[in-house]
Amino acid sequence: MVDLSGLVQFSVQAALLITTLLLLPCAYRVAVAESSAELLQVIDTITTLLIGIIALLALSAGNAQYIDVAIALAALAFIGTLGVARFLAEGKAF
């Protein structure tokens, strides 16, 4: 585990709490989404928040492998968002 000073550790924990709480309005928007485009935007926002949470956990735990997971999630989310956006715009997946 990385030995962070007390203020830095507190800041990381506070950022982790705030980022986790930001998932609540996103979950609400998923429940009341009126269109597929809005749902895609909310799911992309949730994925971005999850990447931030994973990065903060990596900093807090001192485990660099979490960063690899965050990068992989970012790549998969980007490809998925492009695929769904193309399907919504053109009606075809490939």
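The values are calculated or read from the model by the stated rules, or taken from the named source; none is laboratory data. Quantities reported herein were computed from a predicted structural model and do not represent experimental measurements. Here the Cβ is made from the backbone with ideal geometry for all residues, glycine too, and neighbour counts use every protein chain on show.
Restricting the search to the stretch 82-94, which residues are over 18 Å from the mean Cα position of the chain (by Cα) and exposed (fewer than 12 other Cβ atoms within 10 Å of the Cβ)?
A89, E90, G91, K92, A93, F94
Considering only the stretch 9-43, how many residues are surrounded by 15 or more Cβ atoms within 10 Å (Cβ to Cβ) and hydroxyl-bearing (S, T, Y)?
1
Taking the residues in the stretch 50-81 that are over 16 Å from the mean Cα position of the chain (by Cα) and surrounded by fewer than 14 Cβ atoms within 10 Å (Cβ to Cβ) as candidates, determine which candidate is modelled with the lowest pLDDT.
Filtering the stretch 50-81 for residues that are over 16 Å from the mean Cα position of the chain (by Cα) and surrounded by fewer than 14 Cβ atoms within 10 Å (Cβ to Cβ), the one modelled with the lowest pLDDT comes out as G62.
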